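The structure appears below as structure tokens.
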Amino acid sequence: MKMLLANAEAWPGFDTTVAQLKDGGAGLDAMVAGIAKVEREAKVRSVGYGGWPNMLGEMEFDAGVMDGTTRDVGAVGAVPATLPVSALALEVMRNLPHVMLTGAGARRFATERGFAIDETLHPDSKRVWWERLQKEMSPEQLAAFPDIALAPLSNAITDPERVRDTTVFLGRDASDGIGVVTSTSGWAWKYPGRLGDSPIVGAGFYADSRYGAAACTHTGEMTMRCGTSRSIVLALRLGHSLGDAVKLAVEELGELTTGFLAGVVIHAMDAKGNHKVVSFRCEEEIRYWYWDERMAAPELRIADKA
């Protein structure tokens with residue numbers, strides 16, 4: 001059964017992916033086509049052009065793709081001047097012997113593959129970044145910026161919209177192949193070079209067409225420590241139901257007592273056609289998009305609370 005699952009911020013491209021899946025398109029290509037529209041939408045403030053810069057006012061993008069049938073993976077991290085990075089991650093998977101490229105190397109590869117050098121810092125994001133940063137700096141720091149210690153500021157400056165989100169697409173195509181695509185601009189005001197879980201296979205995403213797939217949003221530092229997405233798919237392989245697999249992953253997250261702790265949202269599906277979206281420690285109501293071939297149109301639904 002063809003199906004598609006994504007977080008609420010996927011609205012600019014969800015219908016695009018659904019249309020391609022309906023027409024028999026390959027899952028990863030369809031999902032990258034959809035998520036690319038999210039990456040270019042300025043109204044989505046957690047991904048691509050609409051996202052927030054790092055502490056230096058620079059945009060750095062992360063993305064990952066996984067083919068659950070072959071378990072091939074492509075990922076990119078801290079990529080400058082490039083949209084859509086989900087498409088770049090797919091190029092890594094299909095054209096290199098590596099799984100991940102980061103920073104300047106990823107940008108070099110983007111140029112080789114014909115990606116334009118994009119202006120990725122939205123003017124309003126630049127304005128808000130500088131206004132917030134100035135409030136936290138002394139006159140001496142302002143005069144010396146950017147040649148100052150950034151770590152103290154990274155713990156003090158306030159995220160403008162508490163943005164720690166990621167766009168995730170999980171789908172199954174006409175061949176029953178399951179795949180995942182992720183993309184994010186990362187935390188607002190992150191320390192330069194920070195990678196979240198979005199490009200980390202096993203943490204932010206994992207797919208195995210025999211069993212299912214999972215992807216996470218929000219606090220990547222937690223899911224990297226627990227290998228959350230892989231844990232869910234492994235539990236499915238060991239015979240657990242989808243609900244129990246997600247419950248086990250949530251219990252692991254709840255066992256963390258040190259480091260940065262906040263909310264996590266888990267999106268998961270199994271090879272039997274079931275899906276589950278669970279919000280763990282998120283104060284706000286979490287919604288997600290869902291479609292399968294039995295439905296006339298996609299639906300925006302409310303996630304379960306863990």
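The values are calculated or read from the model by the stated rules, or taken from the named source; none is laboratory data. Just so you know, these numbers come straight off a predicted model, no measurement behind them. No Cβ is skipped: glycine too gets one built from the backbone with ideal geometry, and neighbour counts run over all protein chains shown.
It is to be established whether one or more residues within segment 7-27 are of a type in the set (A, V, I, L, M), in contact with a strand residue (DSSP E or B) (Cβ under 9 Å, 6 or more places away or on another chain) and under 22 Å from Thr219 (Cα atoms).
We begin by selecting, within segment 7-27, every residue of a type in the set (A, V, I, L, M); these are 8, 10, 18-19, 21, 26.
The next check asks that each one be in contact with a strand residue (DSSP E or B) (Cβ under 9 Å, 6 or more places away or on another chain); those that pass are 8, 10, 18, 21, 26.
Pick out the ones that are also under 22 Å from Thr219 (Cα atoms) and you get 8, 10.
Within segment 7-27, one or more residues are of a type in the set (A, V, I, L, M), in contact with a strand residue (DSSP E or B) (Cβ under 9 Å, 6 or more places away or on another chain) and under 22 Å from Thr219 (Cα atoms).
For the condition assigned to a helix (DSSP H, G or I) and among the aliphatic types (A, V, I, L, M), what is the one hit in Ala75, Ala89? I'd like the intermediate steps shown before the answer.
Working: Ala75 fails: assigned to a helix (DSSP H, G or I).
Of Ala75, Ala89, the one residue that is assigned to a helix (DSSP H, G or I) and among the aliphatic types (A, V, I, L, M) is Ala89.
Looking at segment 285-303, can you tell me whether even one residue there is in contact with a Gly (Cβ under 9 Å, 6 or more places away or on another chain) and either outside any strand (DSSP E or B) or among the basic types (Lys, Arg) (or both)?
So far as segment 285-303 goes, yes, one or more of its residues are in contact with a Gly (Cβ under 9 Å, 6 or more places away or on another chain) and either outside any strand (DSSP E or B) or among the basic types (Lys, Arg) (or both).
Inside segment 276-298, can you point out the residues that are under 18 Å from the mean Cα position of the chain (by Cα) and not hydroxyl-bearing (Ser, Thr, Tyr)?
Pass one, segment 276-298, residues under 18 Å from the mean Cα position of the chain (by Cα): 276-280, 282, 286-290.
Residues satisfying the conditions are Lys276, Val277, Val278, Phe280, Cys282, Ile286, Arg287, Trp289.
Cβ-Cβ distance below 7 Å, separation of 6 or more or different chains: which pairs start in segment 229-258 with a residue that is without any contact (Cβ under 8 Å) to a residue 60 or more places away in the chain and end on one that is assigned to a loop (DSSP other than H, G, I, E, B) and among the hydroxyl-bearing types (Ser, Thr, Tyr)?
Matching pairs, first to second residue: Val233/Tyr211; Leu236/Tyr211; Arg237/Tyr211.
Each row is one residue, and each column tells you yes or no for (1) free of Cβ contacts under 8 Å to residues at least 40 places away in the same chain; (2) closer than 16 Å to His267 by Cβ; (3) basic (Lys, Arg); (4) touching a helix residue (DSSP H, G or I) at 6+ places or on another chain (Cβ under 6 Å).
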position	(1), (2), (3), (4)
Met137	yes, no, no, no
Glu140	yes, no, no, no
Asp165	no, yes, no, no
Arg172	no, yes, yes, no
Ile178	no, yes, no, no
Arg194	no, no, yes, no
Asp197	yes, yes, no, yes
Thr219	no, yes, no, no
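In segment 25-52, which residues are closer than 24 Å to Val92 by Cα, assigned to a loop (DSSP other than H, G, I, E, B) and touching a residue at least 60 places away in the same chain (Cβ under 8 Å)?
Residues satisfying the conditions are Gly25, Ala26, Ser46, Val47, Gly51.
Tell me which residues, restricted to segment 44-64, are among the charged types (D, E, K, R) and at pLDDT 95 or above.
Residues of segment 44-64 that are among the charged types (D, E, K, R), as a first pass: 45, 58, 60, 62.
Of everything in segment 44-64, those that are among the charged types (D, E, K, R) and at pLDDT 95 or above turn out to be Glu58, Glu60, Asp62.
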